[in-house]
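Derivation of every value follows stated rules applied to the coordinates shown; laboratory data play no part. All figures in this text were calculated on a predicted structure; none of them were measured in a lab. Cβ placement follows ideal geometry from the backbone for every residue including glycine, while neighbour counts extend to all protein chains displayed.
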Amino acid sequence: MSKTLQVAVREFVSTVSTKGFVIGTLVFPALMIAAIMVIPKLLTNESPTYVGKVAVLDRSGWVGEDERTLTDLFRHATSKEGRAEKKAREDERARQIAGAKAREFGGEQAGQMAEDMTDQATEQIPGDESEVEIVVLPADIDLEAEKDRLWEGSAFEGGLLALIVIDEHAVTPALLDPSPPDDSDSDEAAIEQETTDDVEPKDLASGDTVSEEKVSPILVYGAYESFVRAKLDDRFQNPLKSDLHDVIRQARFAAAGYDRDRVEAIRQVSPPKTVEVTAEGERGRAGSDTNILVAMGFMMLLWISVMSGGQYLMTTVITEKSNRVMEVLLSAVSPKQLMTGKILGQMCVALSILGVYLTIGLVALDQFNLLYLIEKSDLALMAIYFFLAFFFLATAMAAIGSAVTEIMEANALFTPVVMVLIIPWLLFVPLSQNPNSMFATIIGMIPPISPFAMVIREAGTDPIPVWQHVVAIGVGIIAVYGAIWATAKIFRIGVLMYGKPPNLRTLVKWVWMA
Amino acid sequence: MGLVEVGLSDAIIIEGVTKTFGEKTAVDNLDLRVEEGALYGFIGPNGAGKTTTIRMIMSIIFPDSGRLSVLGKASAVESKDQIGYLPEERGVYRKMKVGSFLEYIARLKGHDSGSALKKKIHDWLERVDLGAEEKKRCEELSKGMQQKVQFIACVLHGPELLILDEPFSGLDPVNMRLMRDLFLEQHADGVSIIFSTHVMHQAEQLCDHIVMINNGKKVLDDTLDGIRARYAPRALQVDLLDNDHFANLGQINGVREVERIDGMAVVHLGDSLEAQDAMREIASAVSARRIELRQPTLEDVFIDMVQSESGKSESAIRAELRGAEAAEVAS
């Protein structure tokens, strides 16, 4: 066995057989699993439990058939019974639709549909625990004084939580004149015309400036204003708003004489399930979000494995120096053999990490039937870019490790390396979303970030021309060769240097020394 | 007197080797031959260029100019496996077990793996009283124990040439003696040895050939006997019966200087006075228990040579050397 290989084997075994490595390697997937499975459970999606009042000033003046005002409807909708009713109504509707479809299509597909719809319908509305009292404000209230109450008292002890001012056109629309302004008319050409309860538009053609042709007016509904206490949780506000929207819609339908359920049905356009047709057959299509996740996954794998190997390499070089075992080794092997052996050993370490994580990732994808997202060519390219990325980082880390005596001293030299490694993360979004932009093309050819950039680009939806891979890999190999050459020089001088740690300039000087 | 016997070739040949680090010339046009099987003392003060020369011999660094040959090869790159090197900056893998560390280094040095090597390691550890430590991690060993492990590491593969850079630093007297016996045993087996130290009396006790360097230049290269012959005693050592007579010694004609060293009066002779005559004169001038020739130590020789070159006072140079030694003992 050659000396280089012996060094490599020791480097690999001594790194992999430590408890720190085993724990460190397994911690990451464990964290990922925790992030996916445990954390959402710990992060309850519930708003704080508020106890207080919501004041409503209803300027619409609408009163329904059963003498109930908007506020009455709103009070009912926000009550526990109201929310339960709404949920029951939605569930019922979903069930009816599913049942109807099942009768029509029969079989599995309909069952799945029913399930989907029920899932949507049963989505919990959070913030149920809060106790809210809806208070009606008289029309002549001093609004400014009322607003001041929003910062008095406590949101948990009966204070005013929100103040809602419903617009006068919230239920019945204002009518606007759509005809272009006329010279002969006054500045207020588009006069807002109020409607009365009968919702009968006034005859706009009666004016002398408008031609014989009758133009129908534009209906403009008002909404409401909402003043809330500072820092009132969105998860509390949103269901309230949603209830109010429901109530307003309900009132508008009633006022206009429409059947609410019918209109809701008309509005509904179910999004179709997109099916990708490939040579292997049809399959459900994952959205571009999934593609970004794949790019993210590839980038993470590459980054973590390369970074770990590089870190270990730097640490072991520094350890050999600070242990003073370096010169003992150099009596048996040349600096070049030592460096090559160590880099190869750590390459195997990085490959192991990559292998472990990739396997976990692929098994997980297989579990969710998403394995088709990964193409074999992607994996092959990632392997090539792994080697390029690893050699870039490993040479830098070997050079740094050889130049310093203590880990602490390495920080100053290590920082620029980390900054370069962060660039692909900063460019992740533009690279993954527009992999074929001029910018992405150029970044993909600049070592040492090219391997990362190319992996991100490749995982995107837009295929990259093959020649760009050829160029990126070619330029990468040349640059790696140069990096190894320079590092060999720094390493040879650095490993026996003790004392004041060199700065970047000194390192560059070493490269050019004979 | 460089004795070249028939049949003995040179283990190391250095011709006109120069090495500079930036502004500083560490080794300046050095010529050196080390015969096969010899025990060479490589001495000089700290910073004289000893370690740089040794590193060039080991091909860890390369000379700017000049020629080097080690064990008949153009450089140690090809003969590394036949050399055992105990560097001054030496250490062990702290987390590695003693046995595994020795096995790793021996295999890097080209030793076959297998049970033969394992047995050899075990035997060596037994010899230096570390048999029980084979399975321990290196970091559990004391500094002295680690040093013994390092020595084993540099002889395990059966080298033809041993280079030992300050091998005794940090050792207690018992272990120093043990290590010395181990060197001498290797020497008796015909291994060429270079023993580098700044502690000159150590070299004096062990070596048969001395190479002295100062400021990167070789200032002395001779057998110990040759040096002694060359530096004929120019001082007498007098053990006075009555210390009041000390002043009388200085009044003898031709005496350059009298000093007191370790309770003895040391009389330095001027050029005009022969040792034989001086003895007679002293015997008549004072009553003494003992009067004898004072053999020059390597330190005296070194001072003598450096003095003429640098113009520093004798006491200053001695203080420098002693200072380095004291620092060594303290550490």
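Write down the percent of antiparallel bridges among all DSSP beta bridges whose residues are both part of the protein assembly as shown, to the nearest 5.
Working: 50 of 81 bridges.
In the protein assembly as shown, approximately 60 percent of DSSP beta bridges are antiparallel ones.
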Quiz item: For the protein assembly as shown, with only Lys/Arg (+1) and Asp/Glu (-1) charged at the beta-carbon, what is the dipole magnitude about the Cα centre, in debye rounded to 20?
Solution: 5040
Practice problem: Within segment B:15-123, list the GluC sites (Glu not before Pro) lying in a DSSP loop whose Cβ has at most 13 other Cβ atoms in a 10 Å radius. | Solution: B:GLU23
Self-check item: On Cα atoms only, tilt of A:234-256 relative to the major axis of chain A in degrees
Solution: 30
Quiz prompt | Sequence-separation-based contact order of chain B, relative, with Cα cut under 8 Å and 6+ spacing, percent | solution = 19
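Too long at a 19 Å Cα-Cα cut-off: which of A:LYS3/B:LYS50; A:LYS101/A:LYS273; B:LYS24/B:LYS50?
In this structure, A:LYS3/B:LYS50 exceed 19 Å between Cα atoms.
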Quiz item: Projected onto the charge dipole of the protein assembly as shown (+1 at Lys/Arg Cβ, -1 at Asp/Glu Cβ, origin at the Cα centre), which of A:ALA279, A:LEU381, A:THR71 gives the Cα projection farthest towards the positive end?
Solution: A:LEU381
Quiz item: So how far, in whole Å, is the C-alpha centre of segment B:185-214 from the one of segment A:414-430?
Solution: 56
Self-check item: trypsin sites (Lys or Arg not before Pro) restricted to DSSP loop in segment B:136-221 with at most 14 other C-beta within 10 Å
Solution: B:LYS136
Quiz item: Can you give the longest stretch of chain A with no exposed loop site, where a site means chymotrypsin sites (Phe, Trp or Tyr not before Pro) in a DSSP loop (not H, G, I, E or B) with at most 15 other C-beta atoms within 10 Å?
Solution: A:1-155
Quiz prompt | For A:TYR224, distant residues with modelled amide H under 5 Å away | solution = A:ASP167
Quiz prompt | Cross-link reach list, lysines versus A:LYS241, counting only Cα pairs under 25 Å and skipping chain neighbours closer than eight places | solution = A:LYS53, A:LYS80, A:LYS86, A:LYS87, A:LYS147, A:LYS231
Quiz item: Got a sec? Charge dipole of the protein assembly as shown, +1 on Cβ for Lys and Arg, -1 for Asp and Glu; which of A:VAL215, A:LEU426, B:THR18 is way out at the positive end?
Solution: B:THR18
Exercise. Would you mind checking the tilt of helix A:466-494 against the longest principal axis of the Cα atoms of chain A, expressed as 0 to 90 degrees and rounded to 10?
Key: 50
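Can you figure out the FRET efficiency of A:SER154 with A:GLU46, using R₀ = 25 Å and their beta-carbon distance, to the nearest 0.05?
On the way: r = 19 Å, r/R0 = 0.76.
Efficiency at R0 = 25 Å is approximately 0.85.
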Self-check item: HN-Hα J in Hz across segment A:430-444 - Karplus 6.51, -1.76, 1.60, θ = phi - 60°, x for Gly and Pro
Solution: x, 6, 7, 7, 10, x, 10, 5, 4, 4, 5, 4, 5, 4, x
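Would you calculate, for the protein assembly as shown, the mean residue ellipticity at 222 nm contributed by helices, counting each DSSP H stretch of 4 or more residues as -39,500 (n - 2.57) and dividing by all residues, to the nearest 500? Kindly include the intermediate steps, with their values, before the conclusion.
Values: 31 runs with 425 residues, N = 845.
The per-residue figure over the protein assembly as shown is -16000 deg cm²/dmol.
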Practice problem: Place +1 on the Cβ of every Lys and Arg and -1 on the Cβ of every Asp and Glu in the protein assembly as shown, take the dipole about the Cα centre, and give the residue among B:SER287, A:GLN268, B:MET305 whose Cα lies farthest towards its positive end. | Solution: B:SER287
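Any idea what the relative contact order of segment A:392-514 is, in percent, if you count C-alpha pairs under 8 Å spaced at least 6 apart?
Details: 120 pairs, mean separation 43.8, N = 123.
Normalised by residue count, the contact order of segment A:392-514 is 36 percent.
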Quiz item: Quick one: helix B:298-310 against the long Cα principal axis of chain B, what's the angle to the nearest 10°, folded into 0 to 90?
Solution: 80
Exercise. About the Cα centre of segment A:250-372, how large is the charge dipole given +1 on each Lys and Arg Cβ and -1 on each Asp and Glu Cβ? Please answer in debye to the nearest 20.
Key: 300
Exercise. Between B:LYS73 and A:VAL27, with labels modelled 7 Å along Cα→Cβ, what's the label distance in nm to one decimal, could you check?
Key: 4.4
Practice problem: Hey, can you grab everything whose amide H is under 5 Å from the amide H of B:GLU88? Only 5+ residues off in sequence or another chain; H modelled, so Pro and N-termini drop out. | Solution: B:ASP165
Practice problem: Take peptide B:100-109, look around each residue's Cβ out to 10 angstrom, count Cβ atoms belonging to other protein chains, and average those counts. | Solution: 4
Quiz prompt | Under the Karplus curve 6.51 cos²θ - 1.76 cosθ + 1.60, θ = phi - 60°, whole-Hz ³J(HN,Hα) for segment A:401-408, x wherever Gly or Pro sits | solution = x, 6, 7, 10, 10, 10, 4, 4
Practice problem: Report, in debye and to the nearest 20, how large the dipole of segment B:244-308 comes out about its Cα centre when Lys and Arg carry +1 and Asp and Glu carry -1 on their Cβ. | Solution: 240
Practice problem: Pull up all non-local amide H partners of B:SER113: gap of 5 or more, or a different chain, and H-to-H distance under 5 Å with H placed in the peptide plane. | Solution: none
Quiz item: Which distance in Å, rounded to a whole number, links the C-alpha centroids of segment A:450-514 and segment B:215-290?
Solution: 68
Quiz item: How long is the gain from B:GLU185 to B:GLU139 if the chain were fully straight, where each residue apart is worth 0.36 nm and the alpha carbon distance is subtracted?
Solution: 13.7 nm
